[in-house]
Amino acid sequence: MTPVALSVNGRKVQALVEPRTHLADFLREHCRLTGTHLGCEHGVCGACTVLIDDKPARACITYAVQCDGFAVQTIEGFDDDPIMQELRMAFSREHGLQCGFCTSGMLIAARDIVQRLPDADARRIRVELSGNLCRCTGYLGIINAVESVVAARRSKPTAVTSAAAAQPAPLHAFVPAGEVAPPSIPAPASALEEARTGWTRFEESFVVARSPATVWATFADIPAVAACLDGAELTEHDANTAKGKMRIKLGPIQAGFAGSAVIERDDRAQRGIIRGAGSDKGTGSRTKGEIVYRLAPEAAGQQTRVFLTVEYSLQGALAQFSRSGLVLELGRRLVSDFAANLNARLAGAETRAAPRTPFNAGRFLWSWFIDWLRRPFRR
């Protein structure tokens with residue numbers, strides 16, 4: 001058993017919990033706060049959404065021990081919150097609830113939208129709520145309710161606008177501060193200056209043990225690049241376009257995104273842009289994205305540092321992962337694995353023992369959790 005001390009709805013709570021206990025069970029069984037509902041228990045449906053340090057998070061895929069020292073707020077903690085009062089009235093007025101099972105998580109997500117996006121329209125609200133599923137309403141009443149509160153608050157002279165309105169929703173599988181990622185690498189000057197509204201963005205770099213000329217020539221070989229990306233299957237390509245499928249496995253969730261990409265290359269600047277889109281029929285999810293990459297020499301030109309800026313949008317059943325602190329770690333792991341495979345390929349080694357094997361995110365999540373548990377003992 002592990003001791004934890006956290007704040008729940010403003011009340012200090014101390015308890016002994018098993019490391020495997022997730023936050024939703026802790027709230028329901030130890031704190032008797034049953035407004036946090038459990039649906040899929042895989043972080044997909046959004047019924048268990050709570051606030052952790054004022055950021056929406058899935059309670060079913062967050063361990064209680066991760067929240068040691070943090071402030072958690074459940075639906076029961078919003079009784080005196082003016083935005084939540086307006087949303088509750090709007091949900092009732094616009095018939096935005098029926099069975100009510102999704103409503104607590106839906107309200108917490110909606111409150112975040114109202115606070116963070118004072119100019120959100122119906123289309124943006126749909127994107128922001130795409131990670132919260134409802135089996136009853138058809139969503140129209142919910143969208144109308146949130147939009148009406150946004151409009152009403154915008155018309156008030158005291159309405160506050162925020163630069164955060166351009167940022168993607170911070171819904172995440174909670175990772176304690178300081179354990180997510182190292183400082184980001186400065187983006188290339190040619191990269192987009194601001195993240196697109198509703199998109200997630202991260203920056204990364206890696207080193208290849210070959211000269212920039214060799215790496216640049218390899219990047220022009222589309223089958224070679226695809227062979228270095230676990231889960232990728234190339235079906236068609238020419239010099240400037242590619243079609244294929246990317247298969248990812250996350251526990252019981254398996255997705256195969258079939259799509260296409262357009263490739264632009266600047267030989268003089270050794271800079272490229274890949275723009276693509278795809279969809280997964282199984283989950284009904286859709287994605288589109290852009291990768292900007294640039295090569296820079298290192299070690300007197302014997303090695304190459306590859307700078308990446310990645311932006312993407314994900315809609316549908318898997319949308320909540322696009323706003324996850326954990327998904328940024330997952331993206332970085334994909335980049336890290338690609339770099340290792342690329343180095344191995346250039347060294348003449350086999351890059352993949354089993355082609356078409358999906359990228360197993362579950363193995364990454366397990367290794368990340370084991371590493372997280374070991375960190376206190378390294379100090």
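What lysines does Lys288 reach when the alpha-carbon gap must be under 29 Å and sequence neighbours fewer than 8 apart in one chain are set aside?
Lys55, Lys243, Lys245, Lys249
Does a label point 7 Å from the Cα of Val207, set along Cα-to-beta-carbon, have any residues of the range 260-301 with amide nitrogen under 11 Å, and which are they?
It comes to 298-300, nothing else.
Could you tell me the relative contact order of the range 1-60? Use alpha-carbon pairs under 8 Å, at least six residues apart, and round to a whole percent.
Over the range 1-60, the number comes to 23 percent.
Convex hull over the alpha-carbon atoms of the range 1-174: what's its volume per residue in Å³?
107
Between Gln115 and Arg32, what is 0.36 nm times their sequence separation minus the Cα-Cα distance? Round to one decimal in nm.
Taking Gln115 through Arg32 to full extension adds about 27.1 nm, to one decimal.
Once label points are set 7 Å from the Cα along Cα→Cβ at both Asn240 and Ala340, what is their separation, rounded to one decimal in nm?
Each label point lies 7 Å from its Cα, and together they span 3.7 nm.
Say R0 is 25 Å: what FRET efficiency, to the nearest 0.05, do Arg135 and Asp53 get from their beta-carbon distance?
Between Arg135 and Asp53 the formula returns 0.25.
Could you put Tyr139, Tyr63 in order, starting from the residue whose Cβ has the fewest other Cβ atoms within 10 Å?
In order of increasing Cβ crowding within 10 Å: Tyr139, Tyr63.
Using Cα positions and a limit of under 19 Å, work out the aspartates and glutamates in reach of Lys156, with same-chain residues fewer than 8 apart set aside.
Qualifying aspartates and glutamates at Cα under 19 Å: Asp81, Glu86, Asp112, Asp119, Asp121, Glu147.
Quick one: net charge of Gly96's neighbours, Cβ under 11 Å, K/R +1, D/E -1?
Residues near Gly96 contribute 0 overall.
Please arrange Asp230, Asp121, Asp53, Asp238 by counting, for each residue, the other beta carbons lying within 10 Å of its beta carbon, fewest first.
Asp238, Asp121, Asp53, Asp230
Please report Arg275, Arg268, Arg28 as a ranked list, fewest other C-beta atoms within 10 angstrom at the top and most at the bottom.
With the fewest neighbours first, Arg275, Arg268, Arg28 line up as Arg268, Arg275, Arg28.
Between Arg20 and Arg275, with labels modelled 7 Å along Cα→Cβ, what's the label distance in nm to one decimal, could you check?
Placing both labels 7 Å along Cα→Cβ, they lie 4.8 nm apart.
Computed from the coordinates by the stated procedures, all read-outs in this text should not be read as laboratory data. No experiment lies behind these values; they were computed from the predicted model shown. As a convention, Cβ positions derive from the backbone with ideal geometry for all residues, glycine included, and neighbour counts pool all protein chains shown.
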